[in-house]
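Undergrad: Below is a structure I'd like to ask you about.
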Amino acid sequence: MTAKNKNITINEVDVKPGTSAQMSLNWYQLPTKTVIEIPVYVFRSKKPGPTLLLQAGMHGDETNGIEIVRRLITKDEVRKPLCGSIIAIPVINTFAFLYGTRDLPDGKDLNRCFPGSKNGSLGSRIAYDMTHEIIPQIDLGLDFHTGGKQINNYPQLRCTFDDANSLNLAKKFQPTYIINSSFREGSYRKEAFKSKKPILVFEGGESSRFHYQYINEAVNGTLRLMKYLKMVDVEVRENTTAFINKSTWIRARSSGMFHCTKTNGVPITKGEVIGEITDPFGEHKEKIVAPQNGFIIAINTHPVINQGDALMHLGFE
Ligand SMILES: [Zn+2]
């Protein structure tokens with residue numbers, strides 16, 4: 001990790017060590033002439049240390065992540081780090097956030113637009129600004145997400161187990177689950193890794209819902225990581241971590257109504273009943289059985305399901 005003590009400059013705003021500032025990543029125009037900002041917050045210690053990025057809202061409806069960053073940047077310890085710097089972007093995808101959608105108004109997924117281009121579409125421009133203004137100035141980052149619509153992810157940190165540095169940093173966060181996750185083309189995580197900047201992706205809960213327990217887990221994990229980086233000195237209770245090397249989705253063999261008979265996040269034993277599918281008429285019922293020992297790491301919370309729908313995400317050590 002590099003110890004720097006030079007200026008951080010974002011969109012031509014210089015932030016000196018020992019100071020804090022707020023700026024917009026860039027300015028983006030709506031069809032109505034309205035100019036949209038993407039607010040960025042920088043908090044710096046006088047003492048050199050790592051630059052940590054805290055970002056959320058890459059998908060505009062993933063509200064847990066936005067609340068996690070909001071809670072973190074209201075803490076005195078985070079606003080006045082003991083060393084190094086924090087760059088916080090609570091809502092990257094301001095446009096989708098305004099619309100209450102996951103993706104941009106043109107249907108593009110911002111997290112598939114990297115590295116982006118200066119004169120491209122909206123998503124491509126935001127990606128370009130993140131790639132050029134943020135990635136070169138950070139040492140590592142946390143990117144907070146949730147499951148999709150009605151997919152409730154149990155709190156988990158995703159990184160590639162092939163990179164020892166990423167895995168070590170993930171361990172310091174002490175999430176309940178660390179999931180081996182390969183790089184996706186066009187993602188921020190992949191783009192940052194080209195410059196050897198590890199981005200750990202937190203997933204917790206489902207879109208457009210607050211899950212306060214999961215929000216707390218992410219806030220605590222971030223403080224543990226910051227403590228390891230010597231940026232804060234706070235007491236956070238310890239958490240135990242399971243390492244998930246492989247995962248698989250259990251899909252519905254028939255259409256009907258899905259009842260999960262287990263709680264999200266629990267261990268499961270091969271052969272035990274973990275859910276059932278019924279029809280609405282009391283004529284049909286089938287059991288869903290755990291294929292091997294593992295953990296439930298996400299649940300489809302929608303009661304009515306169709307054949308082939310993803311029901312439960314199972315993780316295996
Ligand atoms: Zn997301």
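Undergrad: When segment 177-216 is examined, which residues are found to be open to solvent by 30 Å² or more (accessible area, probe 1.4 Å) and either within 14 Å of the ligand (Cβ to nearest atom) or in contact with a Ser or Thr (Cβ under 9 Å, 6 or more places away or on another chain) (or both)?
TA: Asn180, Ser182, Phe183, Arg184, Phe193, Ser208, Arg209, Phe210, His211
Undergrad: Let me ask something else about it. If you check Lys197, Lys262, Lys230, which single one turns out to be touching a strand residue (DSSP E or B) at 6+ places or on another chain (Cβ under 9 Å), closer than 22 Å to Gly315 by Cβ, assigned to a loop (DSSP other than H, G, I, E, B) and in contact (Cβ under 8 Å) with a residue 12 or more places away in the chain?
TA: It is Lys262.
Undergrad: So, one more: Taking only segment 162-177 into account, find how many residues are outside any helix (DSSP H, G or I) and either touching a helix residue (DSSP H, G or I) at 6+ places or on another chain (Cβ under 6 Å) or among the β-branched types (Val, Ile, Thr) (or both). Talk me through it step by step, then tell me what you get.
TA: Residues of segment 162-177 outside any helix (DSSP H, G or I): 162-163, 174-177.
From the residues that got through so far, the ones that are either touching a helix residue (DSSP H, G or I) at 6+ places or on another chain (Cβ under 6 Å) or among the β-branched types (Val, Ile, Thr) (or both) too are 174-176.
Residues that pass the stated criteria total 3.
Undergrad: OK, next. Within segment 107-159, can you find the residues that are under 17 Å from Leu25 (Cα atoms), of a type outside the set (D, E, K, R), within 16 Å of the ligand (Cβ to nearest atom) and not in a helix (DSSP H, G or I)? Spell out how you get there, then give the answer.
TA: Going residue by residue through segment 107-159, those that are under 17 Å from Leu25 (Cα atoms) are 110-111, 113-138, 141, 143.
Right, trim to of a type outside the set (D, E, K, R) and you get 110-111, 113-117, 119-124, 126-128, 130-132, 134-138, 141.
Of the ones still in play, those that are also within 16 Å of the ligand (Cβ to nearest atom) are 110-111, 113-114, 123, 126-127, 130, 141.
Answer for segment 107-159, where residues must be under 17 Å from Leu25 (Cα atoms), of a type outside the set (D, E, K, R), within 16 Å of the ligand (Cβ to nearest atom) and not in a helix (DSSP H, G or I): Cys113, Phe114, Gly141.
Undergrad: If you take the residues in segment 280-292 that are in contact (Cβ under 8 Å) with a residue 24 or more places away in the chain and loosely packed, with under 14 Cβ neighbours inside 10 Å, which one is nearest to Asn245 (Cα to Cα)?
TA: Among them, the one singled out is Gln292.
Undergrad: Residues in segment 87-106: is at least one within 14 Å of the ligand (Cβ to nearest atom), more than 20 Å from His132 (Cβ to Cβ), part of a helix (DSSP H, G or I) and of a type in the set (Gly, Ala, Ser)?
TA: Taking every residue of segment 87-106 in turn, at least one turns out to be within 14 Å of the ligand (Cβ to nearest atom), more than 20 Å from His132 (Cβ to Cβ), part of a helix (DSSP H, G or I) and of a type in the set (Gly, Ala, Ser).
The values are calculated or read from the model by the stated rules, or taken from the named source; none is laboratory data. None of these values were measured; they are calculated from a predicted model. Note: ideal-geometry Cβ built from the backbone for every residue, glycine included; neighbour counts use all protein chains shown. Accessible surface is based on the protein model in full, side chains and every heavy atom, while ligands, DNA and RNA are left aside. Shrake-Rupley method; radii C 1.70, N 1.55, O 1.52, S 1.80 Å.
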